[in-house]
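Just below is one structure, and these are the notes that go with it.
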Amino acid sequence: MEQNNSLPALIGMTLDQLTKVVLSGGMPKFVGKQLAEWLYKKKVTRFDEMANISKKNQQWLSENYVIGREDPESRQKSSDGTVKYLFNVGGGKTIESVYIPDRDRATLCVSSQSGCKMNCYFCATGRLGFRANLTSAQIMNQILSIPPVPKKGETSATELTNVVFMGMGEPLDNLDALLPVIEIMTAPWGMAWSPKRITVSTVGKMPQLKDLLDKTQVHVAVSVHTADPVEREQLMPAQKAFPIANVMKLLSGYDFSHQRRLSLEYIMWRGVNDDIAHADLLIKLARGLDCRVNLIRFHVIPGVELHPSSDERMLMFRNYLNSKGITATIRTSRGEDIMAACGMLAGKKR
């Protein structure tokens, strides 16, 4: 697999961008589409694997570009089958991706940044601070490289069925790199995925959220966690710039009653946001929206004085929401024993 190189990477480029590359090398326009097929459908890692591109053109490409594929530096496997991968993204920075197999499904949590600017109190990534935006190539590399080709004696992992941009970072804080990746994943010349297989999670960063809604058909997950605006600002400083009421108003202008889905993410903390009064605030906030609420168990991280709600409290909260017409589910916790569960990614070598 390639090593870090000063040459520009090809993965992460759209068909238009790849076509410009081949034209600049004196190749026919159609080679751009051939290149896209090798990169995104066949997932090659070397130029000499591109059988229908001439040796001369392979040579020119190798002298001016790298494919951009990098193996993960390490991996950890949870007792529940979840696997966390660590990638080196240069400059001493690392990011983590989480592969979650579940019977006939396999979901990948993809990082969009190293660290995060949102500084949410309860999130290990947010407490790192911001380190760097990932390039489209670095985002795309996670999707193309996981699950890896099995080594001799290993069983093959289930191919990805879903991708969620819920790894390290706020995806909409790096929208310029994210949009080309979504285009590559959903375009016929790329991976040809249905947008229904992709979810983008956000604290509600605007106006980038509107851009995402207008330019794609992917699912959206909004991190709410509490519908009390004062409390939310204490836990999530982004509330000051992007009030959750304004986010809900924006979302109300879009149709989530068909294929596109809207989820409200709600981490539950004991004695903080897990009572009926908070449930009523959430119901009021979600009123009129075609959405579902995902209740998430809090995973304790060092230095955070918050505690998870009990199972009984979460069940009560879920049942109350459902009784009031709000579809609510409790998300199964995966990978906690390897620090791979929601809010635990810190990009650390272990």
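The values are calculated or read from the model by the stated rules, or taken from the named source; none is laboratory data. Predicted model only: the values in this text are computed from it and were never measured. Because the Cβ atoms are built from the backbone with ideal geometry, glycine has one as well, and the counts that use them run over all protein chains shown. Protein only, heavy atoms only, side chains kept; ligands, DNA and RNA dropped before computing areas. Shrake-Rupley method; radii C 1.70, N 1.55, O 1.52, S 1.80 Å.
Using alpha carbon coordinates only, what is the Rg to Rh ratio of the range 68-172, with Rh defined as the Kirkwood radius? Mind dumping the intermediate values first?
Values: Rg = 13.8 Å, Rh = 14.2 Å.
In the range 68-172, Rg relative to Rh is 0.97.
Between the alpha-carbon centers of the range 275-303 and the range 190-210, tell me the distance in whole angstrom.
21 Å
Give me the percent of DSSP beta bridges within the chain that run antiparallel, rounded to the nearest 5. Numbers along the way, then the final one.
Numbers: 20 of 45 bridges.
In the chain, DSSP labels about 45 percent of beta bridges as antiparallel.
Tell me the mean residue ellipticity at 222 nm calculated for the chain from its helices only (DSSP H runs of n ≥ 4, each -39500 (n - 2.57), averaged over every residue, nearest 500).
Working: 12 runs with 104 residues, N = 350.
Result for the chain, helices only: -8500 deg cm²/dmol.
For F130, which sequence-distant residues (separation of 5 or more, or a different chain) have an amide H within less than 5 Å of its own amide H, given hydrogens modelled in the peptide plane?
Here the answer is C116, since their amide H atoms fall under 5 Å of that of F130.
Around A328, under 10 Å between beta carbons, what's the net of Lys plus Arg minus Asp minus Glu among the other residues?
Summing Lys/Arg as +1 and Asp/Glu as -1 gives +3.
I'm a student and want to see the number: the projected area of the Cα convex hull of the range 1-142, averaged over all directions, in nm². Please report the intermediate quantities before stating the final value.
On the way: hull surface 41.6 nm².
About 10.4 nm², averaged over all directions.
At 1.4 Å probe size, put S252, S114, S194 in order of accessible surface, largest to smallest.
On the way: S252 75, S114 0, S194 40 Å².
Putting S252, S114, S194 in descending order of accessible area: S252, S194, S114.
With the contact rule set at Cα under 8 Å and sequence spacing of 6 or more, what percent relative contact order holds for the range 1-107?
Values: 136 pairs, mean separation 25.0, N = 107.
That works out to 23 percent.
Taking Cα centroids, how far is the range 157-174 from the range 1-70 in Å?
What the calculation gives is 24 Å, centre to centre.
Amide H neighbours of V200 under 5 Å, counting only residues 5+ apart in sequence or on other chains, H built in-plane at 1.01 Å?
Residues meeting the criterion, in which the H sits 1.01 Å from N, are F165, H219, V220, A221.
Out of Q58, N273, P147, whose Cα points farthest toward the positive end of the dipole of the chain (charges: +1 Lys, Arg; -1 Asp, Glu; placed on Cβ)?
Q58
Taking all protein chains as present, what is the carbon and sulfur share of the accessible area of the chain, in % to the nearest whole number, probe 1.4 Å? Provide the component values of the computation, followed by the final result.
Values: 7840 of 15920 Å².
Answer for the chain: carbon and sulfur cover 49 percent of the accessible area.
Within 10 Å, count the other beta carbons around each residue, average over each peptide in 195-206, 70-81, and list them highest first.
On the way: 195-206: 20.3, 70-81: 16.2.
Answer by packing, highest mean first, reads 195-206, 70-81.
A106's amide H: which non-local residues (gap 5+, or another chain) put their own amide H closer than 5 Å, with H modeled 1.01 Å from N in plane and none for Pro or chain starts?
Long-range HN contacts for A106: T161, N162.
Output ³J(HN,Hα) for the range 15-29: one whole-Hz value per residue in order, computed from phi by the Karplus curve 6.51 cos²θ - 1.76 cosθ + 1.60 with θ = phi - 60°, and x for Gly and Pro.
Result, rounded to whole Hz: 4, 4, 5, 5, 5, 5, 4, 5, 5, 5, x, x, 9, x, 4.
What are the ³J(HN,Hα) couplings of the range 191-196, residue after residue, when phi is run through the Karplus curve with 6.51, -1.76, 1.60 and θ = phi - 60°? Round to Hz, x for glycine and proline.
Whole-Hz 3J(HN,Hα) from phi for the range 191-196: 8, 6, 7, 6, x, 5.
Could you work out how far apart the two model spin labels at F30 and V230 are, taking each label as a point 7 Å from the Cα in the direction of the beta carbon, and quote it in nm?
A separation of 6.8 nm, rounded to one decimal place.
By how many nm would the segment from R287 to L306 lengthen if fully extended, with 0.36 nm per residue of separation less the alpha-carbon distance? Numbers along the way, then the final one.
Numbers: separation 19, 0.36 × 19 = 6.84 nm, distance 2.82 nm.
Extra length from R287 to L306 when fully extended: 4.0 nm.
Mind ranking 82-93, 20-31, 130-141 by how tightly packed they are, going by the mean number of other C-beta atoms within 10 angstrom, highest first?
Numbers: 82-93: 18.8, 20-31: 14.5, 130-141: 23.4.
Packing proxy ranking, top to bottom: 130-141, 82-93, 20-31.
Mind pulling the angle between the C-alpha long axis of helix 311-323 and the longest principal axis of the chain? Nearest 10 degrees, somewhere in 0 to 90.
Helix 311-323 and the main axis of the chain meet at about 90 degrees.
Give me the Kirkwood hydrodynamic radius of the chain in Å, from all C-alpha pairs, to one decimal place? All intermediate terms of the calculation are to be shown ahead of the outcome.
Details: mean 1/r = 0.0471 Å⁻¹.
Radius from the Kirkwood sum: 21.2 Å.
Residue-wise, which Karplus ³J(HN,Hα) couplings in Hz belong to the range 91-107, taking 6.51 cos²θ - 1.76 cosθ + 1.60, θ = phi - 60°, and x for glycine or proline?
Couplings: x, x, 9, 10, 9, 10, 10, 10, 9, 10, x, 8, 6, 8, 10, 9, 10 Hz.
Relative contact order for the chain: what percent, with Cα pairs under 8 Å and sequence separation of 6 or more?
Relative contact order here is 16 percent.
Fully extended, how many nm does the chain gain between S333 and Q259 (0.36 nm per residue separation, minus their Cα-Cα distance)?
Details: separation 74, 0.36 × 74 = 26.64 nm, distance 2.56 nm.
Taking S333 through Q259 to full extension adds about 24.1 nm, to one decimal.
From zero up to wherever the largest Cα-Cα distance of the range 163-286 sits, split into 5 Å bins and tell me the percent of pairs in each.
Reading upward from the zero bin: 2, 10, 20, 22, 19, 12, 7, 4, 2, 0, 0.
Given a 1.4 angstrom probe, what's the average accessible area per residue across the chain, in square angstrom?
I get 45 Å² per residue for this part.
For L315 and R103, what is the calculated FRET efficiency with R₀ set at 41 Å and r taken between the beta-carbons, to the nearest 0.05?
0.95
Relative contact order for the range 81-149: what percent, with Cα pairs under 8 Å and sequence separation of 6 or more?
Numbers: 100 pairs, mean separation 16.2, N = 69.
Dividing the mean separation by the residue count of the range 81-149 yields 23 percent.
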